[in-house]
Each structure stands twice: as C-alpha cells, then as structure tokens.
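Below is one structure; the comments refer to it alone.
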Amino acid sequence: MNQEERPAAPITGALNIQEDFKPHTYEEWREAAQALLKDKPFDKVMRSTLIEGITLEPIYRREDIAGLDIAKELPGLGSRVRANSITGYEENAWAISEEIPAPTPEEFNKAALNDLSRGQNELNIPLDCATRAGIDADKAECVGCGGLSLSTLADLDKALDGVHMEMISTFLQSGASGLPVAALLVALAKQRGMNLSQLAGCVESDPLGVLAYKGKLPMSLDEAYREMAILTGFAAENAPKLQTIGVSGMTYSNGGASAVEELAYVLATAAEYIREMGKRGVEVDATAPRMRVTLSLGSNFFMEIAKLRAARLTLASLVEAFGGSEASKSIYIHARGAKWNKSSLDPYANLLRSTTETFSGAIGGANSMHTSTFDETFATPDEFSRRIARNQQVLMQEECELTRTIDPAGGSYYVEALTDQVAKKAWELFQKIEAAGGMAKALESGMIEDSIGKLRADRLKKIQQRRDEIVGVNAYPNATEKLAEGRKADCALVKSSRAAAVKAARKSVKIALACNCSAFEKLVDAAANGATLGDIAAALRKDAAVATIAKPVVQMRASEQYEKLRAASAAYAAKHGHAPQILQANLLASRAYRIRADWTSAFFNASGIQMLNDVDYKTTEDLVKAVAEKGVKVVVITSSDDNYATLAVPTAQALKALPNAPYVMLAGTPTPEQEAPWKAAGVDEYVNVRANNYALNLKMLEMTGAITK
C-alpha cells in the first residue's frame, strides 16, 4: 500500500489549541533562564543597553506594546508610523536614488544616462563646494569634493542632455540655498518646453545642515531663510512636485551621533524651518510637502528600521503641532548609507554593511535610497561600484519582492516597542533644543557638537578596546592586504575648464538682475540670458549681512584611527622591505592553545604588524637564540596557562638578559600570585581582552620605529 492509499488516522476528540498548548508566563520563562545562567546575574547577561540609552529586553511580548496606539494603526493613516501611503510600496516603490559624483557636466551626463538605463530612477546630483556656495568656478578654491561643477544654464543643459526631465525625478544637493541652482533648473525646463507641474524631485536648501557641517554659512541665516521662502513659495504655486527644503541628519550621524540624536536634530531643524517660513508668509501646508528629510542607515539593523518609523511618527506630530493638514503629515524621507561605519580597510566588507542598510531602509519604509558604494571612503565611485550598489536595491525590489509588502515590521513586538522608545527619546531631546532657543542657537553655542563629541569619544574608546568590533579593522583584520589607492577627480583641471566655460558663456545680464530679486521669475530670466550662479548669488545677497558662525560637528569614520596605523605600517614596509615585526614566542606545541595563539596574532594584525608566529619553540634556549638572530625589538610570549606556570619566569628572564633586550609581553592575564614574579622576571605588558587594542598597537608601532612620537 503506498502513502496515498493509507487511511487517515481517526480524530478521537476536538482539538483545543489553548488547552493542549498552554502558554508559559514571562515569570516561568525567566525562572528557566536563570536556572541556565546559574549564578550569573540575569539583568547583566540578558539585557543590553544601546548607545541611544535604550535597554533591550531578551524577549518582547504582546504586553510590551499593549498600550501603544501606533500598534493599532493602519498604513498611511494616523501618525504615519507604518507608511506615508495606504498602499505602501505596492503603488510606488522607493526611488533608487544613487548619488552620481562626477566633476564635469560631460562626465556626469555619461554616467547618468548609463545608470538611468540600468535601474536608477532618480538623478541624485551632489554639487561641488563652489556650486553649493553659489560662487563662480573661476573664483573657487580646489577642495577635492568630487561633486558636479555647475555655473551656467549651458552646464546644466549639458549635464542633463538626453534626460527626459518630465519622466525623471532630480535631486540636486545644493547646500545652504537652492535658489540660484533652481533658477537654472527652471530655466532649462522652460527652454525644453516643459510644464513646470511635471518638474519633480528636490533642489535642497538646508542652511542649518551646512552650518553644522562647515561651521559657517556664506550668508546670514536671515538671508538663507529669505531665499528658502522665495523658492518654496514659487514651487508651491508652480511646481508642486518639487521639494525645496532639505533637512539632513547625515552630518550628525557621520559625526558619531546616535539614532536618537540624529532624529532629534532633524526634528529641531524641521521645526525651525517651518517656523521661519511662517514668518515670511509661507504656511505650514506649503512648507511641509516641500521638505525632504535625509536620514542615515547604519549597521544596527532593527534600530535603523525603528528610526525611520519613528521619524514618520514624530515629523507628523511636528506638522500637526504647527497646525498642518492631514495631507501635510506625510513627510518624504530619503535614506542614505552612513559613512561612520565604512572603512577603506578590507573595503569589500562594506558591501555586507550596505546590504543590511538597504534592507533596513526598505523595511523601514524610506521613500528613496542611496546605497553606499563599497569604495566611497577612498575613491570617486566608478561605474562598477555604482552598479553593485544600485543592483542591491534592484534585487530587493525585483527578486526579493520587498515592494509587495506594506510595513512588514508592523506588529513585531520588538520593532514596535523600539520605535516607541526612539520616538519618545528623540522628542524629549528635541524639546530640550527648543528650550535652548532652537537648532540655530544650539549649533552656534556648540551644544550639538559638545553632545555628539562625548558620545563619539565613548564609541571610539569601545572600538579601541574591541568591545565594539569592525570586521576587517579591529576584528579579523587582513594584515597582508594591499591598501586601497584613492581615485579622485583632478580638481585643478576641473576648475580650469569651468573657468573657461564661464567666461565664454557669460553675457551682459545687469538689466535682468537689476531688481530686488523677490520674484523668482526674474532670476529664471537672468539664468536664461547667461547669468552664472555667482551673478545670481551676488544680486541676491548684495545687501545681506555676511556669514553665520557655529561650532561644526566633527566628521570622521570609526575606522580612521586604525587606517592611520595601517598606513604607517605600509609606509614602513615600503622603506624596509617588510612590515613592523613582533616575534610571537609560541612555547611548546601551539595546537594545545590554538585559540589564544590566533587571537594574539589578530590583536596586532589590526595595525598591519607582521607577526613572526610560524615556529613553536620547544625550549627557552631555542627562543632566545631566535630572538638574538632576528634582532626583533618586541616579543610576545604565548602558551597555555599550565605552561606559563613553569616557563613564564625563566623565559622572560632569559629574554631580558640579552644584550639588546626586547620589550617582552605575555598573552594572557596573570593571577594575583603570578603578577609580581612575572613582572620581576621582565614581563613588561600583558595582551588580553582588557588591553586597549588601539593604544597597544600604536605603542608597538612607535617602538618598532614605524611611528615617531
């Protein structure tokens, strides 16, 4: 009889899931967990505290979200925590908005047409520093930022040649004021016969973001807000699909801020912009839909999901507090991979980081995304690296079908509870900033950088101590890898070519600009007649007070400290033919303590030090002879605890008796009884989990001559 022919077993009684499978209480679970932990404290082992000050529970239950209204909402309604629209990504998937860094219009155009034909559907254009500042290319200093250099309408026309502007969204990262750049964009749209209602995307004005990043503005804040109001008012009337206000959290994230801090600073910035626009006659229902909020995506997968959901919730609450309509509560969120957690060491590991970031952005409900290229820390991304990053998003949309779900994280006890905590903590910090006078005052006083600086120092210390690990940097480093070589645009050449183009294109536009420039159309006409960004900016700001100063947020990546150590080792190797060396004195058979031996080697590989670890020394005499022959300056004794009991003291004494005695370390932690005799025998330092990995590696590079004090 085959499987299909066998009769089904009779059901002898009705099934009752609740009776047959009774749920266990939390108290029962905790009691069982404590039994497994034995004498270890439950709270210390099972709970963990994040840098945001949020304590994670070992498990989350229905009871943890029972009182949360957000857990009962539908997507697209109420607080917007679940999504900005009822259909989520079903109707409109997130925009694939990869930055295209190219210094000249010709290079940008080539890259843009290539990327648009291969899955990208928003042009994300970082402008160079000169363009962001609104000055002429012939007056700009070479800063090597890698952004697009624009000065005239002809430049923009060339950059967007062959691009159907009515079919594509354009995100121009224009810095403190988007007004001069927007004049070029609108002039180009008119030149091509476009209806301005078809113009979609964002020409950002984010003066507080620039102030936080650079510590100064090329104009007063009052002037920046005046220009923001002109552009926002024009867009609300004529180009409703065009966003004009950027609210970016990237500067704070890339300075080491937590998710809570980043969101709080975004809220404070948005509040200031809404308030300042209201003073200039632009109502909240015109301002809020013109905002594009940019948030970072980092390595803490669930935290990034919660941050995006909390951002929608708190931004909707902010708009409501200012009297905004229901429709205005749906704020556009652009997500971008953080720079803080990326490294030029073992750079392909960045692909793994960017994959989880992109996934969290999709699950969190971003409206558009930039996936970090694996090489952006040390190079201007080329076609290959842009393709890999872009295809991460394409795969998630097309193959993983993430667009078929609406708020997939919704209902998760953990994510809902975490979202609530992030939102509450961010709102609390936002209120403190408001009480201090608002975001501009907080930046000018140094309050923001001082706060981030404390957390940044703590995060760097944890990385140095390897309590926090960066794969390929302070954990599992590849000491023999060839360090990546940077690829950057030749800014001097770009500057020269742009200066020539400006001179050739410029026409007499004094009459066109002879106005108070309160009418945006006048600026568009001037751009059409050959006015440069510098001309427009000069006319706009001729009577404006100059410069706003603040304490900038220090920008760095977590791995930079180790990258400098590795660079020093590489420079030493280029000069001496080998990297700085430490002899790892494996006493007796290392297979008996393989984990300790490998751990010790990796500890110093983090700085690129070459560990001479391929010999197991049978006797102290063999080791001393090898040290004398090799002439090494540093030795780390490595063996088992049992071997140390008999070998540590005589080995250290013998090494210190050499004419050029090396610096002697021992891999392990001495007992109180061992510490005094080991130190007396000549052990200078111990290598163990308590040691500061960065500090000890720096010390070794100084001792070997790779770094001079």
Exercise for the section: Report yes if some residue within the range 67-88 is open to solvent by 20 Å² or more (accessible area, probe 1.4 Å) and touching a strand residue (DSSP E or B) at 6+ places or on another chain (Cβ under 8 Å); otherwise report no. Expected result: yes
Completion exercise
Of Arg456, Arg404, Arg386, Arg467, the only residue that is charged (D, E, K, R) and either touching a strand residue (DSSP E or B) at 6+ places or on another chain (Cβ under 7 Å) or without any contact (Cβ under 8 Å) to a residue 60 or more places away in the chain (or both) is Arg467
Exercise for the section: For the range 19-44, name all the residues that are in a helix (DSSP H, G or I), hydrophobic (A, V, I, L, M, F, W, C) and open to solvent by 90 Å² or more (accessible area, probe 1.4 Å). Expected result: Leu36
Fill in the blank from the handout: Exactly one of Thr358, Thr377 is of a type in the set (Val, Ile, Thr), under 17 Å from the mean Cα position of the chain (by Cα) and open to solvent by 10 Å² or more (accessible area, probe 1.4 Å), and that residue is Thr377
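Yes/no matrix, rows are residues, columns are (1) open to solvent by 20 Å² or more (accessible area, probe 1.4 Å); (2) of a type outside the set (Ser, Thr, Tyr); (3) within 22 Å of Ala426 (Cβ to Cβ); (4) more than 28 Å from the chain's Cα centre (by Cα):
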position: Pro240; (1), (2), (3), (4): yes, yes, no, yes
position: Ala257; (1), (2), (3), (4): no, yes, yes, no
position: Tyr265; (1), (2), (3), (4): no, no, yes, no
position: Tyr273; (1), (2), (3), (4): no, no, yes, no
Completion exercise
Reported set for the range 533-566 where residues are modelled with pLDDT of 95 or more, outside any loop (DSSP other than H, G, I, E, B) and not aliphatic (A, V, I, L, M) is Glu560, Gln561, Tyr562, Glu563, Lys564, Arg566
Problem - Long-range neighbours under 6 Å by Cβ, at least six apart or interchain, first residue on the phi < 0 side of the Ramachandran plot within the range 98-123, second of a type in the set (Asp, Glu) and in a helix (DSSP H, G or I) - result: Pro105/Asp155
Exercise for the section: Working only within the range 583-598, note down all residues that are touching a residue at least 40 places away in the same chain (Cβ under 8 Å), open to solvent by 10 Å² or more (accessible area, probe 1.4 Å) and of a type outside the set (A, V, I, L, M). Expected result: Tyr593, Arg596
Exercise for the section: Could you identify the single residue in Asp458, Asp450 that is surrounded by fewer than 17 Cβ atoms within 10 Å (Cβ to Cβ), modelled with pLDDT of 90 or more and closer than 30 Å to Thr373 by Cβ? Expected result: Asp458
Exercise for the section: Looking at (1) more than 22 Å from Met700 (Cα to Cα); (2) assigned to a helix (DSSP H, G or I); (3) modelled with pLDDT of 95 or more, find the lone condition where Ala597 falls short. Expected result: (1)
Completion exercise
Exactly one of Asp222, Asp285 is within 25 Å of Ala95 (Cα to Cα), of a type in the set (D, E, K, R) and touching a residue at least 12 places away in the same chain (Cβ under 8 Å), and that residue is Asp285
Problem - Options Glu63, Glu107; residue that is over 29 Å from the mean Cα position of the chain (by Cα), over 30 Å from Gly256 (Cα atoms) and part of a helix (DSSP H, G or I) - result: Glu63
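The values are calculated or read from the model by the stated rules, or taken from the named source; none is laboratory data. Quick caveat: nothing in here was measured; it's all calculated off a predicted structure. Note that each Cβ is placed from the backbone with ideal geometry, even for glycine, and that neighbours are counted across all protein chains shown. Surface areas here come from the heavy atoms of the whole protein model, side chains and all, with no ligands, DNA or RNA. Shrake-Rupley method; radii C 1.70, N 1.55, O 1.52, S 1.80 Å.
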